[in-house]
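Here the structure comes first, spelled out in structure tokens, and everything after it is commentary.
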Amino acid sequence: MMKRIAVLTSGGDSPGMNPAIRSVVRTGVGLAIDVIGIENGYQGIFDNQFIPLGAIEVSGKNRDAGTFLATTRCMEMMRPDGPARAVEILRRHKIDGLVVIGGDGSLRGAQEIHHLGHPVIGLPGTIDNDIFGTDSGIGVDTALNTIIHSIDMIKATAASHRRCFIIEVMGRSCGYLALMSGITTGSQAAVIPEYKHNPTRIIDALNRRMQRKHNNSVIVVAEGVCTGQAFMDELLAAGKGKFDQEIRLTVLGHLQRGGSPTHSDRLLGSRMGEFAVLSLLQGETGAMVATVGGNMRLRNFDEIRDKKKVLPADAIRLAKNLDIEIGDVTE
Ligand code: F6P
């Protein structure tokens, strides 16, 4: 019997986590289940930060980026006895089921909890879109919108000064954000960890653009390749004597995690939150809610753990057909 469930957010925040929490709470309340919010991620379990949540507490939360429950990357959970201690505390608080919203590491914690016999469902909450088994994570769409809005703004000054801009974006070891923002902003190159970049070919692409009478250019670099500064040094070396435009660097940084969640992320968070509660009620555990071809489904933690998400082949093809230099495949 599920009488009391808890929800926490863990790892890096992502826009859409609040709508997901709201949906867990509203769905639970509607089904006469007590819902508890755990503050500060897994750390809140060890620190007994359990707060009852009702419909009022989550009112208006769809609009806000971040997570009102707050989040941490919890070291205690990573200790060998961390998950067992967490389960013991959850049981002491009479939590029948847990919903964990977070990225890779957070879902690994949830998997440990499941293996210790405590019901848990995970939701992919990360801007990186690096979680295997789901088409998208909560926050990816908003982050991409923030990135393309930023690049559009930079393009105005790039054109005025006739400059080339390098834009460093987040994504950990995944190039999804760089590839997709490169495609949708009409960038000349997307430098991504999945492909080996070729500075000489990038210089050629920039020069081709100059020959077409464009006076500015943009290259998106994924942080998983190297820092924007290191890439800029490489590009300056490759372009010596061959490319004479001034090159500037912008690191978008944590602003990529802010921004009011888009329609897509509000809906994704809401659908996934509801699905998590309904799944717990049906006796499901040890799985992540995924969106596959637009449909919600569960993917077992054991099935997705340690699997590397591959960039969509059609996006790679699109980038190439749109003359975006992405380098050579490495795997
Ligand atoms: O995983 C989300 C993410 O924003 C990554 O893209 C980035 O590398 C990392 O988190 C930054 O983490 P922190 O906020 O701890 O600096």
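The values are calculated or read from the model by the stated rules, or taken from the named source; none is laboratory data. Just so we're clear, the structure is a prediction, and the values are computed from it rather than from any experiment. Positions of Cβ are backbone-derived with ideal geometry, glycine not excepted, and every protein chain shown enters the neighbour counts. Side chains included, ligands, DNA and RNA excluded: accessible areas come from the protein's heavy atoms. Shrake-Rupley method; radii C 1.70, N 1.55, O 1.52, S 1.80 Å.
Taking the criterion of being aliphatic (A, V, I, L, M), surrounded by 24 or more Cβ atoms within 10 Å (Cβ to Cβ) and over 19 Å from the mean Cα position of the chain (by Cα), the residues of region 1-32 that qualify are Ile5, Ala6, Val24, Val25. Taking the conditions exactly as written (open to solvent by 50 Å² or more (accessible area, probe 1.4 Å), within 30 Å of Asp135 (Cβ to Cβ), more than 16 Å from the ligand (Cβ to nearest atom) and free of Cβ contacts under 8 Å to residues at least 60 places away in the same chain), does His263 satisfy them or not? Considered against the rule, which asks whether it is open to solvent by 50 Å² or more (accessible area, probe 1.4 Å), within 30 Å of Asp135 (Cβ to Cβ), more than 16 Å from the ligand (Cβ to nearest atom) and free of Cβ contacts under 8 Å to residues at least 60 places away in the same chain, His263 comes out as yes.
Here region 197-225 is the region considered, the condition is being within 16 Å of the ligand (Cβ to nearest atom) and open to solvent by less than 30 Å² (accessible area, probe 1.4 Å), and the residue that is nearest to Phe165 (Cα to Cα) is Val220.
Please go through region 157-186 and give me each residue that is assigned to a helix (DSSP H, G or I) and either open to solvent by less than 10 Å² (accessible area, probe 1.4 Å) or within 11 Å of the ligand (Cβ to nearest atom) (or both), ordered by number.
The first filter runs over region 157-186 and keeps only residues assigned to a helix (DSSP H, G or I), leaving 157-161, 176-185.
Scanning region 157-186 gives Ala158, Tyr176, Leu177, Ala178, Leu179, Ser181, Gly182.
Residues in region 86-135 that are over 30 Å from Ser173 (Cα atoms), out of contact with any helix residue (DSSP H, G or I) (no Cβ under 7 Å at 6 or more places or on another chain) and outside any loop (DSSP other than H, G, I, E, B) were compared, and the one that is most open to solvent (accessible area, probe 1.4 Å) is Arg92.
Would you tally the residues in region 132-182 being among the aromatic types (Phe, Trp, Tyr) and either at pLDDT below 95 or more than 10 Å from the chain's Cα centre (by Cα) (or both)? I'd like the intermediate steps shown before the answer.
Within region 132-182, the first condition is being among the aromatic types (Phe, Trp, Tyr), and the residues that meet it are 132, 165, 176.
When the remaining residues are screened for being either at pLDDT below 95 or more than 10 Å from the chain's Cα centre (by Cα) (or both), the result is 132, 165.
Residues meeting the conditions: 2.
Residues in region 54-82 that are under 16 Å from Leu116 (Cα atoms) and under 24 Å from the mean Cα position of the chain (by Cα): Met77, Met78.
Against the list (1) touching a strand residue (DSSP E or B) at 6+ places or on another chain (Cβ under 6 Å); (2) within 16 Å of the ligand (Cβ to nearest atom), the condition His114 fails is (2). Among the residues of region 243-257, just one is modelled with pLDDT under 95 and either open to solvent by 60 Å² or more (accessible area, probe 1.4 Å) or not assigned by TED's automatic domain parsing to the domain that holds Ala222 (or both), namely Asp244.
Residue by residue through region 279-306, note down the ones that are closer than 17 Å to Asp96 by Cα, open to solvent by 10 Å² or more (accessible area, probe 1.4 Å) and either touching a helix residue (DSSP H, G or I) at 6+ places or on another chain (Cβ under 7 Å) or of a type in the set (Ser, Thr, Tyr) (or both).
Thr285
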